[in-house]
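What follows is a short report on a single structure.
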């Protein structure tokens with residue numbers, strides 16, 4: 001029964017969340033805390049911390065976390081499957097139309113207007129992530145006390161290495177993590 | 001593993017193709033934090049810049065479609081990229097690749113999450129990785145924006161700057177921005193070129 005409820009809850013979350021992970025958080029809270037009572041509000045705060053601290057999409061992270069808490073690994077599987085099912089069906093339908101009609105003038109014109117907007121959205125999210133990496137949760141400020149200098153150095157070094165040597169980006173990210181850990185251990 | 005050259009995806013190399021699709025989405029999902037817009041630049045870097053399997057315009061189209069659909073944007077984008085490159089099974093492989101890492105990571109983390117959250121070394125490693133992710137994004141963003149500027153299309157430039165101000169400073173709902181661009185695109189095709197969009 002739990003498994004079915006988990007699947008159904010996250011099916012709805014997957015279906016109604018448009019605009020990425022952070023936009024889905026209120027929806028997730030509504031399902032998990034208010035409707036089903038799977039987590040307390042404190043537990044939900046923990047969930048947000050963990051989903052932000054660990055890699056991976058926020059919705060899938062939340063689904064796995066809640067599933068594990070409620071019904072162990074089968075629960076994690078049920079809720080993750082739930083939040084992926086509905087979008088996959090809808091995207092498949094949209095993809096069918098996209099690949100069929102992408103050469104139509106009106107569709108081309110719409111896509112040409114969407115492309116610069118997508119660039120802007122990526123830029124905006126990118127700046128938020130850079131600010132988070134360098135200034136931490138307090139956000140941008142002129143107070144140099146909040147700046148994490150290890151992150152600044154890592155960031156600058158990584159940008160240099162990527163642009164100059166075209167190194168594999170995943171390797172660069174993992175190296176940054178290792179260096180961050182090592183620097184911490186020795187300071 | 002030898003990288004396939006531009007457009008030279010031979011049929012007899014199908015299993016290799018699926019494997020590359022799987023490992024690419026798996027690695028990206030395993031090391032990238034935050035929302036879809038953080039993961040997508042890294043996908044762009046992999047599939048457009050490194051593998052040359054999709055061109056930049058098409059990638060941005062796919063992202064726009066992924067963004068306009070409900071659900072997890074990363075999974076949507078993975079599905080579209082997989083489908084575009086290797087059909088239905090390709091889509092299945094990329095979705096699996098992008099869902100597995102968080103499923104495994106979070107399952108393990110949630111078993112002892114108090115110890116995980118309070119561990120200073122874990123925090124330091126994650127902070128370091130975040131700096132690395134920021135660097136990759138900066139690189140991608142810089143190239144993408146430079147290409148829009150290079151097009152020298154006043155309307156594209158206007159949309160890019162306007163959309164940036166709208167999300168970053170005014171924090172308008174992204175759905176509204178997408179809808180505005182769709183309407184703008186339809187109007188443009190109706191009036192500017194005099195073409196009807198049947």
Within the stretch B:50-65, how many residues are in contact (Cβ under 8 Å) with a residue 12 or more places away in the chain and more than 7 Å from chain A (Cβ to nearest Cβ)? 9
Between A:88, A:176, which is within 8 Å of chain B (Cβ to nearest Cβ), over 26 Å from residue B:57 (Cα atoms) and either in a helix (DSSP H, G or I) or at pLDDT below 85 (or both)? A:176
Among (1) surrounded by fewer than 17 Cβ atoms within 10 Å (Cβ to Cβ); (2) assigned to a helix (DSSP H, G or I); (3) free of Cβ contacts under 8 Å to residues at least 24 places away in the same chain, where does residue A:37 come up short? (2)
Return the residues of the stretch B:66-110 that are free of Cβ contacts under 8 Å to residues at least 12 places away in the same chain and more than 7 Å from every other protein chain (Cβ to nearest Cβ); say none if nothing qualifies. B:87, B:88, B:92, B:104, B:108
Selection within the stretch B:163-186 - surrounded by fewer than 17 Cβ atoms within 10 Å (Cβ to Cβ), under 23 Å from residue B:69 (Cβ atoms) and modelled with pLDDT of 90 or more: B:183, B:186
Among B:80, B:96, which is surrounded by fewer than 20 Cβ atoms within 10 Å (Cβ to Cβ) and modelled with pLDDT of 90 or more? B:96
Specify which of the listed residues (A:133, A:156) is out of contact with any strand residue (DSSP E or B) (no Cβ under 7 Å at 6 or more places or on another chain), surrounded by fewer than 16 Cβ atoms within 10 Å (Cβ to Cβ) and over 21 Å from residue B:176 (Cβ atoms). A:156
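The values are calculated or read from the model by the stated rules, or taken from the named source; none is laboratory data. Since the model is a prediction, treat every value here as computed from it, not as a measurement. Reconstructed Cβ throughout: ideal geometry from the backbone, glycine too, with neighbour counts over all protein chains shown.
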